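> Sending over a structure as C-alpha cells; questions will come in a sec.
The values are calculated or read from the model by the stated rules, or taken from the named source; none is laboratory data. This one's a predicted model, so the numbers in the text were calculated from it and none came from an experiment. Cβ: placed from backbone, ideal geometry, glycine included. Neighbour counts: every protein chain shown.
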C-alpha cells in the first residue's frame, strides 16, 4: 500500500469520526488536524514545541510535519529524523514515504542506502523501485521477479509502471507479457490498470481502441473488432470479457459463433472468464465453460482466484474430479491454505477414496495452523467425529513479562494514540511493536490491552501466538451481563451474539464504519429505526451509540433476520453482513451441503465473515459452557430454497452491509 493511499484511508476514517473525539490540547491531535489541512506553518510550530517539551508523542508530531513537506526536504533532514527516533514505527513509516519520494526522484544512491534499513518491507511500489534501482545500476534483474512484482500491483503506480517500461525496453518483457497484464486487469475489473499496461506498447491506436471497448464493448465488437493480427485479437478478447462480466451467456454465444476464430489460448481465457462469472452467479452449468477452456488450452495459467471459483463450481455441481483438478493447479501457497486442504479431502472422499480423505482431514484437524480454532480444522475434526477441546491455558505471566509489556515504548505510544482517538495511528504503532515477539511477549502485550479494555488489540495480538494460546484473550467476554440479558430478551443464543460482535466491532464501543454503522453491533441508523418500530422500542439517533441500546437493537434485528431464514445461523450472518436479499437469492437452486453453500458465497468478505461468526459462536459456546459447541450445528447440514424467495426479505434493511471487521 502506498503512503498516499494509506493516508487517504486515515483521512477518511478521521473525517467519519472513527474512535473517540480527542480534546484539543494534545500536540499530537493538533498536529494530526494541521496535517489534514496541510497547515505547514502550524505543523512546524507544533513539531518544535513537541521536541522542546520532550512530548511522549513527539515522533508523531515530527512525522506529520515532515510528511507534509516531503517533496522539498533533503536527505540530511531525514537522517536527523531517523537519529531522533531510532527503531520506532514513525522512523520506518517515514522511511517508507521517503523511499517512494526517492524513487520518484530517481535518486538511486540514497534509495539503496535507505532501503537497507527499511524494516516493514510491505510496500509493493517500493519493491518495484528496488528492482528498478538494481536495473539502473546495471544489475541483472530476473524477468520473473520483475513480472511478479508488476503483476502483484492492482493499479499501476510510478514504481511498477517504470519497472515494466524498463524491462520492455531491455527486451526482458515481450509484448505478450504486457497483454497478459492487461487481461489480468480486465479479469480483476481494473480498467485503469489495463490502460496503463497497454500504454507501454506505445501505440495511440491501441490506447484509443481499449478506451472504446471499455466504454462500450458491444459497439466495439460490432464496428472495430478483429481476430488478427495478435494485438487486435487481444483487444477483441478484452471486449468479450467485458460482455461476460455483465452477461456470461451472451459472451458464450458470441464466442461460440462469430468469434470462434480467435486464437485458441484467447478463446480458452475467455471461457475461463465466462465460467468465473457464471460461478459468481451460482449458475448450475458454471463448470461447462471451465471444461471448454481446459480442453482448448490445458497449459493455460489461471489465477488462483479463478481456480478457486472453478473448484467451488465443481463442488456445487458434485463433480469432485473437476474440483481436485482446479485445486491441484493452484499455487503451492494457495494449496496449503486450510480451506483448500479441507476441500481437497472432501473431493477425494466424494470420489470414493475414504482412507486418503480421512488421513487428509486428520492431518488438517491436528495441524498447528488449523485445529479447533480454525473453521476448516474444526470442520475436519467434526467430519471425523473427533473432539474439539479448547487449548489448555498457558502458564501465568510473570511479573517481569508484565513489566516488559507495560514499559515497552511502542506499545505505550500505541495505547496513548488510541486513548486520544487516533486509533489508526495507534493500531499501526502497536502492530509494528509486535514484530519479532515470541509467544510469551505477545501474551503479555495482549494482556496489557485486555486490562485496558482495548479489545481489538487484545484479541488480534493474542491471535499471533503459535504454541501458547490464551482463550480468555482470544475470546474475551466484555459486557457479559448486559450482552447475555439482551440476547435472552431477544430469544438468541448468547454465544452466537458474541461471535457476531467479535467479528463486527471487536468489542470497540465507539466503532464506526465507513458506511455509518455504529457501536458494538455495527447497526446502521436507518436499520435501527426500522428495528425499533418492529420491536416496539423507543428510538432516537443519539441512542444508537449507547452501549445497552446498541446491544438491544442489534440483537432484535439479528433475531428478526434469523427468523426470516428459519433459524439458519449461516444465512442470518450472511444477511447481517451483505443484506438479507442476497442470501435469500443465494439459497435458491438445488439443495446442497451447507459447507459447500457457504464456500460459494459470491462476496469474499461475506464468505469470510460467515465462517468467523459461526466459528466464534461454537468457541464461545465452549467458553460459556453452553450447548451447541459443534460448528456443524450452527452451519447446518444443507441449504436450499425451502419455499424461501428473495421477496420474503425485501422489506428488511441491511444491518452493516459489507463492513466485516478483520
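> I'd like to verify a number: residues in region 302-325 that are farther than 18 Å from residue 188 by Cα and surrounded by fewer than 23 Cβ atoms within 10 Å (Cβ to Cβ), how many?
Number of matching residues: 8.
> Which is surrounded by 15 or more Cβ atoms within 10 Å (Cβ to Cβ) and either part of a helix (DSSP H, G or I) or without any contact (Cβ under 8 Å) to a residue 40 or more places away in the chain (or both), of 299, 328, 401?
401
> Among the residues of region 509-535 satisfying the criterion of being under 20 Å from residue 494 (Cβ atoms) and surrounded by fewer than 20 Cβ atoms within 10 Å (Cβ to Cβ), which is farthest from the chain's Cα centre (by Cα)?
If we take residues in region 509-535 being under 20 Å from residue 494 (Cβ atoms) and surrounded by fewer than 20 Cβ atoms within 10 Å (Cβ to Cβ), then 535 is farthest from the chain's Cα centre (by Cα).
> Are any of the residues in region 127-145 free of Cβ contacts under 8 Å to residues at least 12 places away in the same chain, more than 28 Å from the chain's Cα centre (by Cα) and either surrounded by 19 or more Cβ atoms within 10 Å (Cβ to Cβ) or farther than 30 Å from residue 200 by Cα (or both)?
no
> Looking only at region 140-148, decide whether some residue is part of a helix (DSSP H, G or I) and closer than 14 Å to residue 99 by Cβ.
No, there is no match, as no residue in region 140-148 is part of a helix (DSSP H, G or I) and closer than 14 Å to residue 99 by Cβ.
> Another question, then. Go through region 216-265 and give me each residue that's under 36 Å from the mean Cα position of the chain (by Cα), over 25 Å from residue 299 (Cβ atoms) and part of a loop (DSSP other than H, G, I, E, B).
216, 247, listed by residue number.
> Also, I was wondering about something else. Any idea which of 488, 416 is out of contact with any strand residue (DSSP E or B) (no Cβ under 7 Å at 6 or more places or on another chain), surrounded by fewer than 21 Cβ atoms within 10 Å (Cβ to Cβ) and without any contact (Cβ under 8 Å) to a residue 24 or more places away in the chain?
488
> Which of (1) touching a residue at least 60 places away in the same chain (Cβ under 8 Å); (2) under 25 Å from residue 602 (Cβ atoms); (3) out of contact with any strand residue (DSSP E or B) (no Cβ under 9 Å at 6 or more places or on another chain) does residue 393 not meet, given it meets every other one?
Going through the list (1) touching a residue at least 60 places away in the same chain (Cβ under 8 Å); (2) under 25 Å from residue 602 (Cβ atoms); (3) out of contact with any strand residue (DSSP E or B) (no Cβ under 9 Å at 6 or more places or on another chain), residue 393 breaks only (2).
> Does residue 483 satisfy the condition of being part of a loop (DSSP other than H, G, I, E, B) and modelled with pLDDT of 95 or more?
No; evaluated as a whole, the condition is false for this residue.
> Looking only at region 349-366, decide whether some residue is surrounded by 20 or more Cβ atoms within 10 Å (Cβ to Cβ) and either in the same structural domain as residue 632 (by TED's automatic domain parsing) or at pLDDT below 95 (or both).
Looking through region 349-366, none of the residues is surrounded by 20 or more Cβ atoms within 10 Å (Cβ to Cβ) and either in the same structural domain as residue 632 (by TED's automatic domain parsing) or at pLDDT below 95 (or both).
> So residue 426 ticks every box in (1) under 15 Å from residue 507 (Cβ atoms); (2) buried (at least 18 other Cβ atoms within 10 Å of the Cβ); (3) in contact with a helix residue (DSSP H, G or I) (Cβ under 7 Å, 6 or more places away or on another chain) but one. Which box is left unticked?
(1)
> Quick one: which of 538, 566 is surrounded by fewer than 20 Cβ atoms within 10 Å (Cβ to Cβ) and in contact (Cβ under 8 Å) with a residue 60 or more places away in the chain?
566
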